[in-house]
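Novice: Please read through the structure below; I'll follow up with questions.
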Amino acid sequence: MVDRPPFLGFGLGLRPQHYAEILEADAPLPIDWFEIISENYMEAGGRPRHMLDRVKERYPLVMHGVSMSIASTSPLDWDYLARLKALADHVQPKWISDHLCWTGVHGINLHDLMPVAYTEEALDHIAARIARVQDYLGRRIAIENVSSYIEFAESEMTEWEFVGQLARRADCWLLLDVNNVFVSGRNHRFDGTEFIEAIPRERVVQFHLAGHSEGNDCLIDTHDQPVCDEVFELYRRAIGHFGPVSTMIERDDNIPPLSDLLAELTRARQIAQETLAPGQLEVA
Amino acid sequence: MARTLAELQAALQNDVLNRQSASLSSLSVPIGTSAASRLAVYQNAYEIRLVNILCEDYDTLWTFLGDDTFLNLAKSYLRACPSRSPNARWVGHGFPDHLDDQPIAAQHPALPDLARLDRAIRDAFDAPDAPVATPDDLATIADHPEATVFTLHPGLTLLPQRTNAYDIFRALRAEQTPPKPTIQDDLRWIVAWRRGLTSHHTELTPEEGTLLDLTAKGANFARLCEVAAMTGDPETTAARMAGTLRQWLENGMISAMGRESPPVAGPKSKPARDLPAE
């Protein structure tokens, strides 16, 4: 796959709480790139756009959305996609990603990453929609596996079979969220390593590492905690399997000081260095 | 018979929105766990996430009402107006109008007004960027002042209110005890806007409020002067208008001025609501 996006190194999700520290640091921070939440910058102006432009001058960016609703059975939201495209034209991201989920039907938006039934019908439906979006945006997009708490009795294959087939059929990239593999694995009693090893190597362009919380009888993907040891160990297996893949810490709530996230990023970097051969982690 | 993807999504969405359980028969969970409990993760997350957005967007109203009353109003709004925007930023946009129709607003009309203040300041925060005219730009209209119209900054919202919501708002922002909500005889004009990267708000004089309202509606400078001559001392109209215009420019409220070009749709001037007689 000749045009696979470059290895960017180790990054963070850009959060407003850290703008000042990022932009006013005396010495370069050990952050190779940032991921922005696309929807947070779709409004045209003010502080969010101002800060985005300043970060863009200093760091490579990727765009990560939460509202494409690629698996929805409602029509694609072309107004949303136009806004996404306009933002991408402005940001010039290394790639654009969203989730393998639906966020609503019949005009309603639940603002959540709702799970997909792993059926042939869903494969055909979602692959066709990804192809339309990619045609419109003029680039491949990366699709991320989500955490889930339920599965559908209608499912005809495992999640990892579905994700792998979808990537090939839609000719898209994959964003592998290692925490989501761990959370869903615990919730549905599957082995995260089996998931990871079934995903086509050449399709994965990014890893997410995040924290989760304990629910009543399942893990919940809250992104409000540090990455736990077990997720870091699963990351070790993932980077061993896929090789150098751009990796980031994704924290969305209970945002800690930047130094805490940098410590987590350093740990990810160390794991990658321990796992891969010298020279493999050179940033393009 | 297996349900289609569309049927599965419609059923699950309905269960999440309305805390029902029609989709349970389609859900698969490990032995020893409960499908209802797993479904509740989505139901709870939906409510918590969207209520939190309303809390953030309407933090002054939330502080004033306290948790229980605010949460009840937020939940009633979300039931009546589930989100239809892909961007969570717009989830709460209809909340002030929803409050207008609630019994508590009939008792305390200041509450929807307070919500509108929160909303206006929130909207100013990331409204589209636009140029800001300065007093120096007045020279560009020297040859046609009467026919000049002014384009207000798209982040500006003018709120005509007949309550003491702004007094409550300022007290709470200053962490002081707010006054009780009351209806007021005279119309008050509150304006929220963004200058640079910072949202601002202030109360205008009745004359200034009327003039800014007319400006938002596209009135030219001659019309503004005409109205000013009727609302104040005609002898001092020119001086007052010069002062008002300079103040707007210095505050960054005006994006452009030119000959009879219509203002952009961005600035919002809300009609004063009809209030019941006390």
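Novice: Going by amide H atoms built from the backbone, whose H comes under 5 Å of the H on residue A:153, apart from near neighbours?
Specialist: HN-HN under 5 Å from residue A:153: B:27, B:28.
Novice: I've got another one for you. Based on the Cα coordinates of the protein assembly as shown, what is the per residue volume of their convex hull in Å³? Each step should come with its number before you reach the end.
Specialist: Working: hull volume 97.9 nm³, N = 562.
Once divided by residue count, the hull of the protein assembly as shown is 174 Å³.
Novice: Counting pairs on different chains as well as pairs 8 or more places apart, how many Lys pairs in the protein assembly as shown have Cα atoms under 18 Å apart?
Specialist: Working: A:56/A:85; A:56/A:94; A:85/A:94; B:217/B:268; B:217/B:270.
Lysine pairs meeting the criterion: 5.
Novice: In degrees from 0 to 90, rounded to the nearest 10, what is the angle of the helix B:67-80 Cα long axis to the longest principal axis of chain B?
Specialist: Roughly 80 degrees between the two axes.
Novice: Taking only Cα atoms, what is the 0 to 90° angle, nearest 10, from helix B:237-251's long axis to the longest principal axis of chain B?
Specialist: With both axes taken from Cα atoms, the answer is about 40 degrees.
Novice: Taking neighbour Cβ counts within 10 Å as the exposure measure, how do B:31, B:190 sort from fewest upward?
Specialist: Numbers: B:31 5, B:190 22.
So the ranking, lowest neighbour count to highest, is B:31, B:190.
Novice: Could you work out the equivalent-ellipsoid semi-axes for chain B, taking the square root of 5 times each eigenvalue of the Cα gyration tensor, largest first, in whole Å? Mind showing how you got there, number by number?
Specialist: Numbers: eigenvalues 422, 98, 45 Å².
For chain B, the ellipsoid semi-axes come out as 46, 22, 15 Å.
Novice: Under a Cβ-only charge scheme (Lys and Arg +1, Asp and Glu -1), can you give me the dipole magnitude of region B:93-158 about the Cα centre, in debye to the nearest 20? Write down the numbers at each step before the final one.
Specialist: Details: 3 positive and 12 negative charges, 50 e Å.
In total the dipole reaches around 240 debye.
Novice: What per residue convex hull volume, in Å³, comes out for region A:198-284 when only alpha-carbon positions are used? Write down the numbers at each step before the final one.
Specialist: Numbers: hull volume 9.7 nm³, N = 87.
Once divided by residue count, the hull of region A:198-284 is 112 Å³.
Novice: Which cross-chain or sequence-distant (5 or more) residues have an amide H under 5 Å from the amide H of residue A:204, H modelled 1.01 Å from N in plane?
Specialist: A:174
Novice: Using a Förster radius of 30 Å, what is the FRET efficiency between residue B:34 and residue A:24 based on their Cβ-Cβ separation? Nearest 0.05, please. Don't jump to the answer; show the numbers that get you there.
Specialist: Working: r = 50 Å, r/R0 = 1.66.
Efficiency at R0 = 30 Å is approximately 0.05.
Novice: Arranged by the count of other C-beta atoms within 10 angstrom, fewest first, what order do B:48, A:220, A:126 take? Working shown, then result.
Specialist: Details: B:48 10, A:220 18, A:126 24.
Fewest-to-most ranking of B:48, A:220, A:126: B:48, A:220, A:126.
Novice: To the nearest Å, what is the center-to-center distance of region B:139-198 and region B:47-107, using C-alpha atoms only?
Specialist: Here the answer is 22 Å between Cα centres.
Novice: For the protein assembly as shown, with only Lys/Arg (+1) and Asp/Glu (-1) charged at the beta-carbon, what is the dipole magnitude about the Cα centre, in debye rounded to 20?
Specialist: Working: 51 positive and 80 negative charges, 116 e Å.
So the magnitude is around 560 debye.
Novice: Work out from phi, with θ = phi - 60° and the Karplus expression 6.51 cos²θ - 1.76 cosθ + 1.60, the ³J(HN,Hα) of each residue of region A:215-220, listed in order in whole Hz, and give x for Gly and Pro.
Specialist: Those phi angles translate into x, 4, 9, 7, 8, 10 Hz.
Novice: From the phi angles alone, apply the Karplus equation (6.51, -1.76, 1.60; θ = phi - 60°) to region A:221-236 and give each ³J(HN,Hα) in whole Hz, x where the residue is Gly or Pro.
Specialist: 7, 9, 6, 10, 10, x, 5, 8, 4, 5, 6, 4, 5, 5, 5, 4
Novice: Turning to a different aspect of this structure: Expressed in nm to one decimal, what extension gain is obtained for the pair residue B:233 and residue B:137 from 0.36 nm per residue of sequence separation less their Cα-Cα distance? Mind showing how you got there, number by number?
Specialist: On the way: separation 96, 0.36 × 96 = 34.56 nm, distance 2.74 nm.
Value of the extension gain: 31.8 nm.
Novice: If you don't mind, another one. So what's the back-of-envelope 222 nm ellipticity for the protein assembly as shown, counting only DSSP H runs of four-plus at -39500 (n - 2.57) apiece and dividing by all residues, rounded to 500? It would help to have the intermediate numbers written out before the result.
Specialist: Working: 20 runs with 244 residues, N = 562.
When only DSSP H runs of four or more count, the value is -13500 deg cm²/dmol.
Bear in mind these aren't lab numbers, they're just calculated from the coordinates by the rules spelled out. Model, not experiment: these values are computed from the prediction. Backbone-built Cβ (ideal geometry, glycine too); neighbour counts: all protein chains shown.
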